[in-house]
Amino acid sequence: MLPCAELFKNELDSKNLHYGYQQIDDNAVNISFPYGGRVVNCIFSGDAGEYLSLYLTYETVPEEKIADLIFLCNELNTTYKWVTFFVDKSCNLVLHDDAILSLESAVGEAFELLLHIISIGDKAKPVIMKTIYG
């Protein structure tokens, strides 16, 4: 297993948190963290797993609301600097973050970024839901 991913996995184990684990290939691992009916995919890649990308597929967007949501994503991207919001080709609202880790900081930084993406998703939820369903 990639060292940074293994350190993160051990941290989740030490906190008795549930997660999924998938070896994507020799240089990539996905640790999926369920939260609030959604899943944050934490993809570690590189020789030591030092490249981390987090993806939270937040909500499927009805086609007639895509333009409104893209406009909202622009606003949210100026409000929340740690996470980017976008609508993917499958009409899903996605929250995303990237980081470069070191072995010394992997556990703390990866866990902090996981908490950030969840927290920002929670803070933005009212305006997202109002835009999609309002």
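The values are calculated or read from the model by the stated rules, or taken from the named source; none is laboratory data. Owing to the predicted nature of the structure, the values given are computational and were not obtained by experimental measurement. Positions of Cβ are backbone-derived with ideal geometry, glycine not excepted, and every protein chain shown enters the neighbour counts. Just the protein is used for accessible areas: all its heavy atoms, side chains included, with ligands, DNA and RNA removed. Shrake-Rupley method; radii C 1.70, N 1.55, O 1.52, S 1.80 Å.
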Selection count, the range 93-134, where residues are in contact with a Pro (Cβ under 8 Å, 6 or more places away or on another chain) and not in a helix (DSSP H, G or I): 1
Residues of the range 5-18 that turn out to be open to solvent by 60 Å² or more (accessible area, probe 1.4 Å) and either closer than 18 Å to Tyr55 by Cα or in contact (Cβ under 8 Å) with a residue 12 or more places away in the chain (or both), as a count: 4
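Working carefully through the options Asn74, Asn27, find the one that is open to solvent by 40 Å² or more (accessible area, probe 1.4 Å) and either closer than 17 Å to Val127 by Cα or at pLDDT 95 or above (or both).
Asn74
Here's the yes/no breakdown for (1) within 19 Å of Ile66 (Cβ to Cβ); (2) open to solvent by 40 Å² or more (accessible area, probe 1.4 Å); (3) touching a residue at least 12 places away in the same chain (Cβ under 8 Å):
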{"residue": "Lys89", "(1), (2), (3)": "yes, yes, no"}
{"residue": "His96", "(1), (2), (3)": "yes, no, yes"}
{"residue": "Ile100", "(1), (2), (3)": "no, yes, yes"}
{"residue": "Leu103", "(1), (2), (3)": "no, yes, yes"}
{"residue": "Ala110", "(1), (2), (3)": "no, no, yes"}
{"residue": "Leu114", "(1), (2), (3)": "no, no, yes"}
{"residue": "Ala124", "(1), (2), (3)": "yes, no, yes"}
{"residue": "Ile128", "(1), (2), (3)": "yes, no, yes"}
Scan of the range 61-97 for residues that are touching a helix residue (DSSP H, G or I) at 6+ places or on another chain (Cβ under 9 Å) and among the acidic types (Asp, Glu), ordered by number: Asp68, Glu75, Asp97
